[in-house]
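Structure, as structure tokens:
No lab work stands behind these numbers, since they all come straight from the coordinates. From a predicted model like this one, the values you see are computed outputs, not experimental measurements. Note that each Cβ is placed from the backbone with ideal geometry, even for glycine, and that neighbours are counted across all protein chains shown.
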Amino acid sequence: MTNRFVKFAAAVAPAALLLAAGATPADAKVLLMGDGGWEVSFDGSVNGFAVWSSSDNRPAAPAGTVRTGSLGTPAVNGDGTVNDTFRVRTGLLPAVWGMNVKAPTTGGLDMASRIGIYPNISNNLKDSFGATLDLREIFFTVDGSFGQVLVGKTLSQFMGKNILTDMTLFGIGGIGAVGQGGGTTLGRIGYGYPYPQFNARIQYTTPDMSGFKVSAGVYDPSLIIGTGNAASVGVTSNLVANETSTPRFEGEASYAGSISGANVLGWISGMWQDAKFKGVSTGTCSTALNSVTTAAGELRCLNGTTVNAWGFGGGVQVGVPVGPGTLELTGSGYTGQALGLSLQMDADALDFTGKERDHHGYIGQVGYAFGQGTKLQGSYGESAADETSAETTCRNSLGVNSGTNIACPAGGPGVFVESQSLWDIMLTHDVNPNLKLVAEYGRQNSHWFDGANQDTDIFGVGAFFFW
């Protein structure tokens, strides 16, 4: 990866600052100087890919059950089949327009701010205006001898470096259920890590200590969402832990430096959050909000019940000179509770009784930079979820009897995705510091708990323009 692309990654999220050897939000290609030491700068990129995909039909659900999907499973037509698809669309990274302001150093403090706008070129229909404007970054930083304080919204620490060291950051990766719609592709979101999200926080980072840094933040908490026991199980949810009386906490420890001639980046990160189920203001539950049905057909209110989401992850990236180029090895992984397969704490964090589900995943990646801007990379990764005991019992009994005091979902028990995996090969060439060409092939797989599978082949070619 050239210095230009490393600086761009740093602009995408402060979590990548270690990769950029101390780059700040004001580091950019277009720099305007103001009076009195003020600096205003702009950075960004635009990308586009021609993407062909061909998917197996989604397997039919066993009688009496409902086969559920996730963000990673391809879209399905009305007859249950998935057509071959061609799209011209944005890759995993949307386009970026970053605006940065740096104040003159005052009293030993360096102050800077960034606002990042992230549109994409994808539309659902040619006569619609479905391409969205995504305001992902709004933050300021204060740096001094004490370290750095960041206030605002940007990429989260937990899983942040997992996605920033993933080769599909500059490619397509999985296409998922949005394969025939708008928005970006998935990369390895749901195929090696859950999406970190861009979240509001107050974060402190220590000074650089011979390559080591530690950071921790107090975050705006999220709802923790599960699969409900309504007839539309797997499609909508009536279980939402929606009272967040405490913040979410995230932290990271990392090292970036050289060891025996090899460039090394290593990190560990973690997060924790709780939330309570809260029904209507009277304290009672309705059939549509935060209640489950008992085997006797009665409603059991979940008001006041607390659920916990937590995660632990880490990884290492090593670059070693080999021959005329550099061999790069990357490995990362995570484990946790109520994380969800693809989007953290959304949709499938809990089962239909309100119990947290367990999640885990990993990535293995190898690349070789030949020199002159050409790099070949390959990787495999997967994300997985464990069934809870209630889900297993209901699926095996086809919903006839849950074997517990909780009734199986009325519309049939869900057959959930157990794992999503992706093989990926990518060839890139940097024509110059501002133009990157990409060719990529991937095969994504969805595997359900009943043993059924669905494969999708994906091929794409595209380009990035950076400034």
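Give the residue from Gly364, Gly325, Leu339 lying farthest towards the positive end of the charge dipole for segment 320-373; charges sit on Cβ (+1 for Lys and Arg, -1 for Asp and Glu) and the dipole is referred to the Cα centre.
Gly325
How far apart, in nanometres, would the label points at Val322 and Val366 be if each is projected 7 angstrom from Cα along the Cα-to-Cβ direction?
Taking the simple label geometry, Val322 and Val366 are separated by 0.6 nm.
Stretch Thr206-Asn432 to full length: gain in nm at 0.36 nm per residue minus the Cα-Cα span?
The Thr206-Asn432 span can extend by a further 77.8 nm.
Need the full-extension length gain, Leu223 to Phe42, defined as separation in residues times 0.36 nm minus the C-alpha distance. One decimal, nm.
61.7 nm
Once the Cβ-Cβ distance between Val88 and Ser145 is put in as r, and R0 is 56 Å, what FRET efficiency do you end up with, to the nearest 0.05?
The formula returns an efficiency of 0.65 here.
At 7 Å along the Cα-to-beta-carbon direction for both Leu109 and Trp423, put a label point, then send me their distance in nm to one decimal.
Here the modelled spin labels are 5.5 nm apart.
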